[in-house]
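The values are calculated or read from the model by the stated rules, or taken from the named source; none is laboratory data. Note that this is a predicted model, so its numbers are computed, not measured. Cβ placement follows ideal geometry from the backbone for every residue including glycine, while neighbour counts extend to all protein chains displayed. Please note that ligands, DNA and RNA were not included when accessible areas were found on the heavy atoms of the full protein model with its side chains. Shrake-Rupley method; radii C 1.70, N 1.55, O 1.52, S 1.80 Å.
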Amino acid sequence: MHRLIAERGLDSTGFSEEDARAALRDMIRARRFDERALALQRRGWMSGYPPFHGQEASQIGAAHAMREDDVLLPTYRSNALQIARGVPPSDIFLFRRGYAEYHSDHDVPVFPQAVPIASQIPHAAGVGMAANYRDDDYAALVCFGDGATSEGDFHEGLNFAGVFDAPVVFFCENNGYAISLPRERQTASESIAGKAEAYGIDGMQVDGNDPLAVREAVEEGLEKARNGEPVLIEALTYRQGPHTTADDPSRYRDDDPDLPEWRIRDPLERFEEYCREQGVVDDDLVESMYEDADDELREAVETAEAVPEPGPEELFDYVYDDLPPELAREREEHMAFVEEHGPFELDR
Ligand SMILES: Cc1ncc(C[n+]2csc(CCOP(=O)(O)OP(=O)(O)O)c2C)c(N)n1
């Protein structure tokens, strides 16, 4: 298992002080984003939201391990990873306000966030196989939770990647729960990482609450993947908040879970403490990181608010390039209805 904070000082690792500061900076950006998103959702500014509170370290560590041309396949919970890769936070807000994905013209190689569980896993195998066919050197990193490993798509994706030597890192954030279902009820396997063996690939576990340990593990995984050996990484972390804003976790779990302290402790507090101990940040620097994150978010909210409401015709715009005939007919009927009765008003 890759671990860093618990066992090593920074100077006994391959990471620099700037690497540690960059990780802390992005964890703070992520935390502030998540807090703001929750507050905005509660105000009715956007629809439901799946917080990633507690998973900042695993996502920032993975983002910092990726090369610029590596392809990310996120889920609805991988917003910290997307932000750290360069997706503008305003795009993620806009998605949650009902707009098509990636409103800005950013050039981050990223797929739309997957909501149907595990559907992105075979896609990732395909992205990796495409890199091989085209003789390109990028790899894919696909995110999913412990619950996704019970889907057939998980099996198919890992199986294809193993057989075709696809350059893919399968990045499972084991946050302890799939909605209300605890990890022990999800699978009888001893670990998620251990499932790799069935596909002839390597599996590893990492302390998912330590951004540098995750970065180390994912860098190793990406290197192997580029050499034709896909890897399954299980980042052990904990979902501190609800599954989504529609969920009440007090109905199915204790405040005091039966997990080790490193697993449930707030990863941002823990890493900030580590950075101070290692002498790579001081109060002023940390404060300025929070201020910068808040400025960025203020701008992101303004950018999102300046975008006009989507028109009713956009409902049909983003799945097909050329609408199949039956959808073209539905679109006509829909627009005729809107003309007669007025547009559907969003209740914000
Ligand atoms: C194919 C499919 N089945 C069911 C759902 C409903 N659903 C939404 S999230 C979720 C749990 C996913 O848990 P996990 O994979 O552990 O990811 P996490 O939400 O913890 O990040 C389920 C069952 C869905 N979105 N897609």
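Assorted remarks:
- Considering the stretch 32-45, and only residues there that are in contact (Cβ under 8 Å) with a residue 60 or more places away in the chain and outside any helix (DSSP H, G or I), the residue that is surrounded by the most Cβ atoms within 10 Å (Cβ to Cβ) turns out to be Trp45.
- Sole residue being more than 30 Å from Arg29 (Cβ to Cβ), of a type in the set (Lys, Arg) and assigned by TED's automatic domain parsing to the domain that holds Ile60, chosen from Arg215, Arg134: Arg134
- If you go through the stretch 75-87 and keep only what is in a loop (DSSP other than H, G, I, E, B) and in contact with a Lys or Arg (Cβ under 9 Å, 6 or more places away or on another chain), you end up with just Arg77.
- Which numbered condition Ala131 misses (of (1) open to solvent by 10 Å² or more (accessible area, probe 1.4 Å); (2) out of contact with any strand residue (DSSP E or B) (no Cβ under 7 Å at 6 or more places or on another chain)): (1)
- Count of the stretch 46-55 residues which are open to solvent by 30 Å² or more (accessible area, probe 1.4 Å) and small (Gly, Ala, Ser): 2
- Per the listing Tyr177, Tyr133, the residue uniquely over 19 Å from Arg67 (Cβ atoms) and either in contact with a helix residue (DSSP H, G or I) (Cβ under 6 Å, 6 or more places away or on another chain) or away from the ligand (no atom under 12 Å from the Cβ) (or both) is Tyr133.
- Glu223 vs. criteria within 16 Å of the ligand (Cβ to nearest atom) and free of Cβ contacts under 8 Å to residues at least 40 places away in the same chain: no
- Test: Arg263 is over 30 Å from Asp137 (Cβ atoms), touching a strand residue (DSSP E or B) at 6+ places or on another chain (Cβ under 9 Å), in the same structural domain as Arg31 (by TED's automatic domain parsing) and among the charged types (D, E, K, R): yes
- Residues in the stretch 186-220 that are in contact (Cβ under 8 Å) with a residue 60 or more places away in the chain and touching a Pro at 6+ places or on another chain (Cβ under 9 Å): Gly208, Asn209, Asp210, Pro211.
- Arg239 meets all of the listed conditions (1) within 16 Å of the ligand (Cβ to nearest atom); (2) outside any helix (DSSP H, G or I); (3) over 19 Å from the mean Cα position of the chain (by Cα) but one, namely (3).
- All conditions in (1) closer than 21 Å to Gly48 by Cβ; (2) within 16 Å of the ligand (Cβ to nearest atom); (3) open to solvent by 30 Å² or more (accessible area, probe 1.4 Å) hold for Arg77, with the sole exception of (3).
- Residue match in the stretch 185-193 (condition: within 13 Å of the ligand (Cβ to nearest atom), within 21 Å of Gln120 (Cβ to Cβ) and either of a type in the set (A, V, I, L, M) or crowded, with 24+ Cβ neighbours inside 10 Å (or both)): yes
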